[in-house]
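Read through the structure below, which is laid out as C-alpha cells, and then see the notes.
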Amino acid sequence: MKETRVFPEESGVNGWFETNRYKNRTFADLSQLQKDYDYVIVGAGFAGVNAAFRLAELRPDAAIALLDCFPVGYFSSGRNAGFIVEVPHASGLVTNSKASLDDYRWRYNFNRSVIARMKKIIDDHALQLDWVKSGAYKSSAIPESFSYIDKGAKFFDALEIPYSILERDELKERLGTDFYLRSIYTPNTVLVNPSEVVRGLATILPQNVTVFENTAVKEVKEGAVPSVILKNGTALKAGKVILTVSGFLKHFGVKKADRVFAIHSFGGFTRELDSAEIDSLGSQIRPYGTTSAHPAGATVRLTSTRRILVRTVIRFATYDNISEERLNAAKKGVRRAFERRFPSLAHVPFEYFYGGYIPFTMNSQPFFGQVGENVFAGAVGEGAGVTRASTVGLYLADLIEGVDSEELRYVQKTFVPSYIAPEPFRTIGANARILWDNIHAKIEV
Ligand SMILES: Cc1cc2nc3c(=O)[nH]c(=O)nc-3n(C[C@H](O)[C@H](O)[C@H](O)COP(=O)(O)OP(=O)(O)OC[C@H]3O[C@@H](n4cnc5c(N)ncnc54)[C@H](O)[C@@H]3O)c2cc1C
C-alpha cells in the first residue's frame, strides 16, 4: 500500500447538501481523536456509514472511528439523484451479456433488504428525513430508445417485479412536461434527499462510533496492528481498517483497485418554484423522479422542496477530480436539458450547480474484500450505487467479524470487477463510447 496524493476536491455547490436539515449538525472535534481504535473506517458515504452501523451492532463493545475528508453527505453519496432503487438497472441486463437473471434476482433481494434495513433504523430513531417511497419512471423521448423500456418490461415480468407502462398524455399529467413519449414506472423506488439521508444516518450511529469529518487520510499501513496516517501527519492505531473511499481506493496502492474507474456527471437545481410555476406543471403534479430510457440520458427530479433537479452530461474521469473548466463547460448542457423539458420555466435560474463522481467497473460488479493484513476495502461499480454501496458496507462488516451466510459467500464470489485496459487506452475507449452514446441518445441527454 502507498501514500495517496489524490484527495476528493470540491466541485460546484451541492444543492442536496445545502438544503438538508442536518447540514449544521456537528460531529466529533479532532481533539477527541484517540490514538487507538478497534476499527477505523475511512470514507463516510453509504458504504462507510452502513459498515459502521453493522460493526457497531456486531461489536457493541468496540471503539469505532468513521473518518471522511469532507462533511458527511457532501461527496457522491450526498450528490446523487436520490433514487434508492429496489430494481437493478434493467439496461445492465440488456447490455451485459454475461449477467444472468439469477444475478439480477440476487441484486433485487440485496436492494430490498438494505432499503428495509435503513428504513427500520430510521423509524426506530424517528429520524426526520426527505424519504418517500414514490416509485420512479424510466422515460423515453425518442422511439429509438423504446427498446430499453420493452426489454426492461420483459425482465420485470421474468422476475415478477410490478411495473406499468405509460404513454405521453398520462406522462404529461404526472411529469408536467410533454417531452416524454413512453415510460416504465416501478412503484417501489424510494426518492430521497441523499445528503440528508446519509448525514442523518450518521447522526444516529451507535455511541461506540465516533464520526470525524474534514479528516483526510493519506496512508494506511497494513500489519498485525495497522495504522492510519491522517493528512496532517497524525497516526492512529487500529485493530482493523476499512477503506470505503470509492474510486479513490487505487491511490492507496490497493491491488486491482484501478479496475474501479469513474465518470463525471453534473446536476443543476432550480430555485424553489413558486405556486404559479408549480401550477403551470399541472394540477396532478407531485414530487417525482425519472431517469432516461437511454443510459446516457438525463435524470429529472421534482423535489419535495419544489425544485427541479436535472442531472446530465457525462465525461470520463481520466483524473478523478473535476476541473473548473469541465464544470463550467457542463453548465450549458444541463441548462439545455432543463429547458427542453420545461420550456415554460426557461426564466427559472439554477440556484445550485455541481459536478459529481460516479464509480463504475466494466462488469458493474463492486470491489470487495481483504486487501492487506487487517485491511479491508469496498467500492461500487454502477450508476445505481446507493443500495450497492450499502450492501458492500454491510457485508464488509460481516466478513471482518466472520458472520457467515449464503449472502456473504455470494458477495465474495461475485463482487469482483473485471479487467479494464490501462491508460491511455481506457480514456480513448471510454471517450469513444461516450461519444457514441451521446449521438444515439439524441435529445434524451
Ligand atoms: C450525479 C450523480 C448521480 C447519481 N445518481 C444516483 C442515483 O440516483 N441512485 C443511486 O443509487 N446512485 C446514484 N449515483 C451513484 C452513487 O451516488 C454512488 O454509487 C454511491 O454514493 C457510492 O457510495 P460510496 O459510499 O461507495 O462512495 P462515496 O459516497 O463516494 O463515499 C466515499 C467517501 O470517501 C471519502 N474519501 C475519499 N478519499 C478519502 C481520503 N483520502 N480520506 C478521507 N476520506 C476520503 C469521500 O469524501 C467520500 O465521502 C449517482 C452519483 C452521482 C455523482
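The table below lists the values:
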quantity: Single condition residue 223 does not satisfy, out of (1) outside any loop (DSSP other than H, G, I, E, B); (2) away from the ligand (no atom under 16 Å from the Cβ); (3) surrounded by fewer than 18 Cβ atoms within 10 Å (Cβ to Cβ); (4) not polar (S, T, N, Q); calculated: (1)
quantity: Test for residue 182: is it under 24 Å from residue 314 (Cα atoms), in contact with a Leu (Cβ under 8 Å, 6 or more places away or on another chain) and at pLDDT 95 or above; calculated: yes
quantity: Total residues in the range 404-435, condition in a loop (DSSP other than H, G, I, E, B) and in contact with a Phe, Trp or Tyr (Cβ under 7 Å, 6 or more places away or on another chain); calculated: 3
quantity: Hits in the range 166-194 (condition: outside any strand (DSSP E or B) and either farther than 22 Å from residue 153 by Cβ or of a type in the set (S, T, N, Q) (or both)); calculated: 176, 177, 178, 188, 189, 193, 194
quantity: Which numbered condition residue 197 misses (of (1) surrounded by fewer than 18 Cβ atoms within 10 Å (Cβ to Cβ); (2) assigned to a helix (DSSP H, G or I)); calculated: (1)
quantity: Cβ-Cβ under 6 Å pairs, at least 6 apart or on other chains, the range 133-162 side closer than 25 Å to residue 301 by Cβ, far side part of a helix (DSSP H, G or I) and of a type in the set (Val, Ile, Thr); calculated: 140/149; 141/443; 151/94
quantity: Subset of the range 234-262 that is assigned to a helix (DSSP H, G or I) and within 14 Å of the ligand (Cβ to nearest atom) - its residue that is nearest to the chain's Cα centre (by Cα); calculated: 246
quantity: Those residues of the range 186-219 which are away from the ligand (no atom under 16 Å from the Cβ) and more than 20 Å from residue 29 (Cβ to Cβ), in sequence order; calculated: 187
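The values are calculated or read from the model by the stated rules, or taken from the named source; none is laboratory data. Remember, predicted model here, so these are calculated numbers, not experimental data. Neighbour counts are summed over all protein chains in view; Cβ atoms, including those assigned to glycine, are modelled from backbone coordinates with ideal geometry.
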